[in-house]
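The values are calculated or read from the model by the stated rules, or taken from the named source; none is laboratory data. Everything numeric here is computed off the predicted structure, so don't read it as measured data. Cβ atoms come from the backbone with ideal geometry, glycine included; neighbour counts cover every protein chain shown. Surface accessibility is based on the protein's heavy atoms, side chains included, excluding ligands, DNA and RNA. Shrake-Rupley method; radii C 1.70, N 1.55, O 1.52, S 1.80 Å.
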Amino acid sequence: LHSFPTRRSSDLIQKVLPITPEQDEMLFEQIIHPDRSNDRNVVFLQTDGPISESDLREALDIVSAENEALRSAIVYRHVTTVQQVITDRRIPLELVNIEQAGSREMRMLRDRLLHAPMDLQRDSMMRVVYLRAEGNFMLCILTHRVAFSVAERRAYLARLMSLLEERYPNDTAICGWREIFEASLSQTRPQATSNSRESTKIGIKKETPPEICVYSENDGPKVVFIHTANTGSSAYYRLAARIGDRVSFSVIEPFNLYHMDEARFGIRNIAAKYVEILKRHQPEGPYILGGWCYGGQVAQEMACQLERAGEDVKLLVLLDSHAIASAALREISKGMTTEVNRAYFETSPLFADLRESGMLEAMVTNAAHTTEDMVNHTPDFYHGDILYFKPDQIPSGISEESRRYWMKMMEFEAGNYEHYCERDRLRIVHTPHEHDLMMDDASLDIIVPELMQAIEIHIAEGDHLT
């Protein structure tokens, strides 16, 4: 082993393991396409406050000491058998300061992390960049799947967040990330190992989910939400955990993402499709519909269509949905829509499951369609009751152009939907965080009681919101 010409003299070899057939396939693709990022994953995890370099270094050392795969390298040159070598290396940690969050420097950093060629013999299987930008703090974590599985990576990240949470117990973002990774870890299904090259080719899609995800089914009122623009039912798992014992809660999955050959374009068309799905799930009303962002737009259109058909819609719940219903709003929305680009899907932990299932290209394509649908839809007037949740903060880490859009939408009482409903049937509730954090505990502490009270009033008494 000590004759390997590729090892650093500082690396003490502790163990040599054979690699799996799947890892062998990844290596083959890595050799042919060294700059391809299919088997790499970058997540950007924002924290509420700063983390000291010493605390972060200590936490990384603990994680790597507990998990030897993080210190491994793959030897595949100058030897007859490809091997995974465990050494005493440390997880690299880099500190970066950027003057403006969302700036060109931020995008360059993402590209550098995701697309820079990796030497699997010399580079570590995990690298961490701690980013400080305009008072924002972010952990950028790069991992490589050659050395360990998706489930193992989630376990490493959950452990890292747990260690940081011990040092920073008041940082709700760190606690939130720990909960997310632990929850996704518990939902991970073991994947069968295959010797076939087909198992890791680009574009292999995960199994198509049912058209609607039933989180809970009981004697409570039926509540159906619509997926967000770029995620499926998993976006609502925290909400489902809080209300599932009191209502039957379901979420319609993104039809277009999994049925691109049958895709429905335009909010009215996709809403009509979802009304069909809703009727199969719940043939008769009363209906309670809701959605976050894009999901709210579709839910509002579904409520309008059901209303016109004479159906009983008891309540419409909108979580920071926006009616971008004028030429001026559509013009300033361009800055917001450019933030949802390929790098966003390549790096956000929200899309880890779909990325790792070969759905990256499908996500990028679908996002272009949902964005176009969002900014080109003028809502119809809805006559029923609406419960609208409005965040009090503008999203952080965005460009100045995008900030113009969010500042403008903050001027509206209810995302401009106040102009497409009867004002005395609209109730607005403020939440403490920004748009992307509406499923965090601090926001749900407000959303859940208000939502349950409105549902109970409408089902029990049929009263209007006041």
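Figures for the structure shown
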| item | result |
| --- | --- |
| Candidate set from the range 117-157 (those that are open to solvent by less than 10 Å² (accessible area, probe 1.4 Å) and in a helix (DSSP H, G or I)); member that is farthest from Glu94 (Cα to Cα) | Arg153 |
| Enumeration of residues in the range 233-268 that are in contact with an Asp or Glu (Cβ under 8 Å, 6 or more places away or on another chain) and in contact (Cβ under 8 Å) with a residue 60 or more places away in the chain | Ser234, Arg238, Phe265, Gly266, Ile267, Arg268 |
| Residues of the range 241-255 that turn out to be open to solvent by less than 20 Å² (accessible area, probe 1.4 Å), in a loop (DSSP other than H, G, I, E, B) and closer than 18 Å to Thr231 by Cβ, as a count | 1 |
| Lone qualifier among Ala343, Ala271, Ala299 - being surrounded by 21 or more Cβ atoms within 10 Å (Cβ to Cβ), of a type outside the set (Val, Ile, Thr), part of a helix (DSSP H, G or I) and in contact with an Asp or Glu (Cβ under 9 Å, 6 or more places away or on another chain) | Ala271 |
| Inter-residue pairs, beta-carbon under 6 Å, first over 13 Å from Ala69 (Cβ atoms) and open to solvent by less than 60 Å² (accessible area, probe 1.4 Å) and in the range 11-37, second charged (D, E, K, R) and at pLDDT 65 or above, 6+ apart | Asp11/Arg89; Met26/Asp39 |
| Filtered residues of the range 302-324 (kept if in contact (Cβ under 8 Å) with a residue 60 or more places away in the chain and assigned to a loop (DSSP other than H, G, I, E, B)) | Asp320, Ser321, His322, Ala323, Ile324 |
| Among the residues listed as Glu400, Glu434, the single one being under 25 Å from the mean Cα position of the chain (by Cα), farther than 14 Å from Val317 by Cα and open to solvent by less than 50 Å² (accessible area, probe 1.4 Å) | Glu434 |
| Residue list for the range 301-322, restricted to those being within 26 Å of the chain's Cα centre (by Cα) and within 22 Å of Ser443 (Cα to Cα) | Leu316, Val317, Leu318, Leu319, Asp320, Ser321, His322 |
| Options Ala367, Ala414, Ala442: the member that is within 27 Å of Leu109 (Cβ to Cβ) and touching a residue at least 60 places away in the same chain (Cβ under 8 Å) | Ala367 |
